[in-house]
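Below is one structure, written out as structure tokens, with a few remarks after it.
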Amino acid sequence: MSKLYFIHALDKTTSFLTVFREHFEESFYTIEPNETSVKNSIKYVQEIPENSTIIFLGHGHSTGLYTPESEEFSKEIFINSDIGNQIFTRQRVLLLSCNSNQYIRRLNSFEYIVGFGNILSSMKEVSIEAENETGIYRNLLENDINFFNSAYCYAIINALQNYNRGAYQFNELPILIEFYINQKINETLLKKDIENRVEIARLLFEFRNEILFLKN
């Protein structure tokens, strides 16, 4: 059995991901927005035994993974491709972070790895997408984004719980996540009391379609 290790880059914008801790308390490591915590986190991941399962929860970019941030500590990439190849050697990795599906293509030392697309986890990110990429604002409110975040967290938590019980192999995780996302899409569209249910379902559809699985 491959032991799970959760690495959470915790700040105000990623606090909703603490829901994972409720289900995997014994293997949860939190990175605080300060230099010491960030450095210690790299050392912690480096010391994780090979053939383990590492789950990163936080912000990302096509070139790497971000530190948490605060008013005193600016967000910056702290795991680029070079560091990633060092610390993810012969590991099973899932990166729940924006554009990690592009970042993982820069890596080559892992055993298996899962990445995701542009996850719009806040209204700020919805605005950035409209202003810098599409030119179109999605018809979404704060509550809709919260619903979306809860839905994909539910899907990944359930998939990881099944994997942790030995019911599925790591390479089956993407299909299992897709199954739970499809479940949430159907449930969302049936909730007539949610005004923006079609837009939320579209976010979940995009989330599902942008999952990328690679193996070495």
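Quick note: the coordinates plus some simple rules give every number you see, no bench work behind them. Because the structure is a prediction, the values reported are computed rather than measured. Because the Cβ atoms are built from the backbone with ideal geometry, glycine has one as well, and the counts that use them run over all protein chains shown.
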Length-normalised contact order for the chain - Cα pairs under 8 Å, 6+ apart - percent: 18
Starting from the alpha-carbon convex hull of segment 146-199, give the projected area averaged over all orientations, in nm². 3.8
Correct response: the longest run of the chain lacking exposed GluC sites (Glu not before Pro), defined by DSSP loop and at most 16 other Cβ within 10 Å, is 77-194
Using only the Cα atoms, what convex hull volume per residue in Å³ does the chain have? 116
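Between residue 169 and residue 74, take the C-beta separation as r, use R0 = 41 Å, and let me know the FRET efficiency to the nearest 0.05.
My answer for the efficiency is 0.55.
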So how many Lys-Lys pairs in segment 4-215 land under 30 Å Cα to Cα, not counting same-chain pairs under 8 apart? 18
Under a Cβ-only charge scheme (Lys and Arg +1, Asp and Glu -1), can you give me the dipole magnitude of the chain about the Cα centre, in debye to the nearest 20? 700
Span-like helix ranges in the chain, DSSP H, alpha carbon extent 15 angstrom or more, Kyte mean at least 0.5: 173-190
Suppose each label sits 7 Å from its Cα in the direction of the beta carbon; what would the residue 61-residue 124 distance come out to in nanometres? 1.5
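Grab the Cα-Cα distance for residue 39 and residue 205, subtract it from 0.36 nm times how many residues apart they are, and report the gain in nm with one decimal.
Gain in length upon complete extension: 56.1 nm.
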Using the beta-carbon distance between residue 51 and residue 189 and R0 = 41 Å, what value does 1/(1 + (r/R0)^6) give for FRET efficiency, to the nearest 0.05? 0.55
Listed residues 99, 171, 186; largest mean-square fluctuation, Gaussian network over the chain with Cα springs below 10 Å, found at 186
Can you show me the helix-derived [θ] at 222 nm for the chain, built from DSSP H runs with n ≥ 4 at -39,500 (n - 2.57) apiece and divided by the number of residues, rounded to the nearest 500. -12500 deg cm²/dmol
